[in-house]
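What follows draws every value from the coordinates through simple rules; no lab data is involved. As the structure is a computational prediction, the values presented were derived from the model and not from experiment. Here the Cβ is made from the backbone with ideal geometry for all residues, glycine too, and neighbour counts use every protein chain on show.
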Amino acid sequence: MDTSRHLLINGVVLNGRPDFLKPILDDQQQHQHHRGRKGFENGELEIRTNDEIIRNLSTKLMNPAILDVEFASIPQKRISAGASTSQLSENLCRNRQKSILPYEDTRVMLHSTRKNPHGYINASNVQVPIGDRFFRYVLTQAPMKNTAEDFWHMVWESGSRIIVMMANHSIEQFSIYWPLKTNEKLTFGDYSIRQRSCTNTRNLVTTIMSMKSLSSGEKRVIYHLSYSGFRQDFDGVPNSIELFLSFIDAVNSVKRHIENEKPRDVDSGVFVTASGTTSRQNSRNRSRSISRISLLDVTNRMRSHSVEHNSIWKRKLTLSSSGQQSTTSTTSDTSTASSTSSSNGPTPTTSYRPDVTLEQQPPIIVHCLDGSTDSGIFILVELIVHCIENNVSVEIAKLLRLLRHQRASLIRSSMQYRFVYESILVYLQRSRLI
């Protein structure tokens, strides 16, 4: 197998075109030509217009039984994946629920400490390539008193600057792991956390904090965004689609602010200051050098085996000399890797580009109480929105399947799944008015 043609995500070799990006089309639609849109030839992929997507979503929403069957057909978890580290006797106390454990091949692996010799935390790396970048997340359970130090250790090592909290429970059920008052400071192991400011706007609480490594003296600004607008009489469903979409907008606004504030050297993982100099000046200091390395990259290097074969597609948008947008992608299959190019024939807009690399940014850390059920609403809706923004058609069921291959039990109920459909429909309808 030519491994250079395959994409390693969290230790799992993903190959071929991504199933979740293949739209649901009937035979007639597969042969239609959508003017102004570019797709793969031979009907392999057609990028539909927003009007077609709206019609498709509306049809399913008018037939609840269709959505119920679709949701029930998506496996809750990847059966073949192990979870051995999470089940070690010394780590059982670090899990909120026995039923939601990170897969061994996608779990976050912290550097070991005296208190945590296995570097274990109930958290999973989740990555999805869309357009010319990876959208990266760490999905984790809400910190407990005995895991708050591990949580902040993970924030530091991952380089994450954004924490998203889906607060579908009373605050009493969450251990307070961040300072609630301005200038209040909490200390967890080697890290001190001080609140700089806090704003509260209709179910959204944004807290800006300063995080400091006590051993190195390095400081970072961390943004904590909490969404609490859930219906109390429904199974984990937000009470307002508009407010929920506004919450996603707020998270992405913070993300853009961080990207503009500190450009990132993608190849080296080094943060670059405004003057153009790198901040890696104390390489002998272990905690500082660790922070420059993507935790996901460390995880990938430590795992060379594949436990599941899914589908993935690497797509890069470029501008041709004529100024029109063209598409570059990679497609392959583990069973036919050696014959892919000959069987497909020359396709100038879909040829393999080994020099193309997807832009990577530090992950967003997302948690609810268990790190799966309610967190899945946020990550699924946000990813679909980014697909739409990148003119990529998405099949929601297959995207959820891909996500569950990286973290089990995302999206708790068919009602939450229906809310995802409703949110995307509202987003598209709102986009037509702009």
| said: Under a crude label model (7 Å from the Cα following the beta-carbon direction), how far is SER215 from ASN63 in nanometres? | reply: 5.8
| field | Value of relative contact order over segment 52-185, rounded to a whole percent, pairs C-alpha under 8 Å and six or more apart | value | 14
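Let me check against my output: what whole-number percent is the relative contact order of segment 87-142, with C-alpha pairs under 8 Å and at least 6 apart?
It rounds to 26 percent for segment 87-142.
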| query | Tell me, in nm to one decimal, what length is gained between LYS145 and GLN429 on full extension, where the rule is 0.36 nm per residue of separation less the Cα-Cα distance? | reply | 97.9 nm
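By how many nm would the segment from ARG96 to ILE208 grow when fully extended, if each residue of separation counts as 0.36 nm and the alpha-carbon distance is taken off?
Working: separation 112, 0.36 × 112 = 40.32 nm, distance 2.68 nm.
That pair, ARG96 and ILE208, stretches by 37.6 nm at full extension.
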| task | Name the residues whose placed amide hydrogens come within less than 5 Å of the amide hydrogen of PHE135, ignoring near sequence neighbours (fewer than 5 apart) on the same chain. | result | VAL128, ILE130
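Taking R0 as 22 Å, what's the FRET efficiency between ASP51 and LEU243 from their Cβ-Cβ distance, rounded to 0.05?
Numbers: r = 26 Å, r/R0 = 1.18.
Efficiency for this residue pair is about 0.25.
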| request: Name the residues whose placed amide hydrogens come within less than 5 Å of the amide hydrogen of ASN168, ignoring near sequence neighbours (fewer than 5 apart) on the same chain. | output: LEU369
| query | In nanometres, what is the gap between the two model label sites at GLN76 and LYS115, each 7 Å from Cα along Cα-to-Cβ? | reply | 3.2
| remark: Extension length gain for ASP190 and SER414 (0.36 nm per residue less Cα distance), in nm, is 76.4 nm
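Only loop residues by DSSP count here, and only those with at most 14 other Cβ atoms within 10 Å; note down the trypsin sites (Lys or Arg not before Pro) in segment 110-164 that meet that. Please report the intermediate quantities before stating the final value.
Details: sites: ARG114, LYS115, ARG133, ARG136, LYS145, ARG161; in loops: ARG114, LYS115, LYS145, ARG161.
Here the sparse-neighbourhood loop sites are ARG114, LYS115, LYS145.
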